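Participant: Here's a structure for you.
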Amino acid sequence: PSLALATTCASRLLLVGSIASIIAVDQAAGLDVHIGWLEHARVGIPVTFLTLLIAAGWLWMRAQGW
């Protein structure tokens, strides 16, 4: 679970976090849709922190024996 969480968060946090993000932005540019670093970060940073918060809660619940 830790590896999956880390790779998922890395791809959401920064545009260069995963090759899939780079490919998606490149494909979008081919359709005349331009996604820059700032646009990606505006969505990616909050989503990453929300994901980490949920994961921390889940791990805490597991540690408590839920």
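Participant: Once both axes come from the Cα atoms, what is the angle between helix 2-13 and the longest principal axis of the chain, in degrees from 0 to 90, rounded to 10?
Facilitator: Tilt of helix 2-13: around 40 degrees.
Participant: Consider the candidate values [x] 14.5; [y] 13.1; [z] 12.2; state which one is Kirkwood radius over Cα pairs in Å computed from the structure displayed.
Facilitator: Evaluating Kirkwood radius over Cα pairs in Å on these atoms matches [y].
Participant: What relative contact order, as a whole-number percentage, does the chain give when Cα pairs under 8 Å and 6 or more residues apart are counted?
Facilitator: On the way: 35 pairs, mean separation 21.3, N = 66.
In percent, rounded to a whole number, it is 32.
Participant: Angle, helix 19-30 long axis vs. longest principal axis of the chain, Cα atoms, 0 to 90°, nearest 10?
Facilitator: 30 degrees
Participant: Computing the accessible area with a 1.4 Å probe over protein heavy atoms, can you report the carbon and sulfur percentage for the chain?
Facilitator: 72 percent
Participant: Can you tell me the 0 to 90 degree angle between the C-alpha axis of helix 37-63 and the longest principal axis of the chain, rounded to 10?
Facilitator: The angle comes out at about 20 degrees.
The values are calculated or read from the model by the stated rules, or taken from the named source; none is laboratory data. Since this is a predicted model, take the numbers as computed values, not measurements. Surface areas here come from the heavy atoms of the whole protein model, side chains and all, with no ligands, DNA or RNA. Shrake-Rupley method; radii C 1.70, N 1.55, O 1.52, S 1.80 Å.
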